1. Counting other beta carbons within 10 Å of each residue's own, what order do 41, 1 fall into, fewest first?
2. Work out the FRET efficiency for residue 88 and residue 15 from their Cβ-Cβ distance, taking R0 = 30 Å, and round it to the nearest 0.05.
3. Pop the C-beta distance of residue 138 and residue 47 into the FRET formula with R0 = 25 Å and round what comes out to the nearest 0.05.
4. Rounded to the nearest 0.05, what FRET efficiency do residue 38 and residue 100 have when you use their Cβ-Cβ distance and R0 = 25 Å?
5. Arrange the peptides 140-147, 7-14, 29-36 so that the one whose residues have, on average, the most other Cβ atoms within 10 Å appears first.
6. Return 54, 215 ranked ascending by Cβ neighbour count within 10 Å, so the fewest neighbours appear first.
């Protein structure tokens, strides 16, 4: 059989644990475990197991239930190699060196199990904004994020940078975003602009923005609900 698909589409060969297969899929060589969003595996070879990853404590479980940050992870372990992708999003690898990174969970693809993670509320994001939360990763290891369209990296150290919360992919853990509310009565009377709430970043660090806005989750959405998170408490 002949086809151009057989040229340049073989599995990537790399000494790196995380390696891009192409701009929209990546390979992870197992040894140490990796945590990935549920359903992100597209292929594997070797002796590989997939298990639901518990939230790791009552406090984190409560955050999952009470927020719209739907952190649903699986632990991938064994010997072999696994390929991950998510809706053909463009994948970027970030190496943390005893650092922290805040992400929109919908952009998080996979990360080293050595990294600690938690759910945090963005400062000033109260009921009026529908509540804005992010997933924070800390430590040393690799993080893979997906971006809808091409990414833009903005330096926040020189002047304030304002970003739509549904377009923010991730940002430096050194940054503490606040909420900029540009809503006013005149605009509301005329139907609003659709751009009332923004993240405001200012300080040493960067924010990565995608060329797409996620649809905000329903205000009454629970992250999997009580039944969906019971497994987090089962050993």
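Coordinate-derived values only; no laboratory data. Since we're looking at a predicted model, the values are computed, not measured. In this analysis, Cβ positions are derived from the backbone assuming ideal geometry, glycine residues included, and neighbour counts consider all displayed protein chains.
1. Fewest-to-most Cβ neighbours within 10 Å comes out as 1, 41.
2. E(calc), rounded to 0.05, equals 0.65.
3. 0.25
4. On the way: r = 23 Å, r/R0 = 0.94.
According to the calculation, E is roughly 0.60.
5. The densest-packed peptide leads the list: 140-147, 29-36, 7-14.
6. Sorted ascending by nearby Cβ count, the order is 215, 54.
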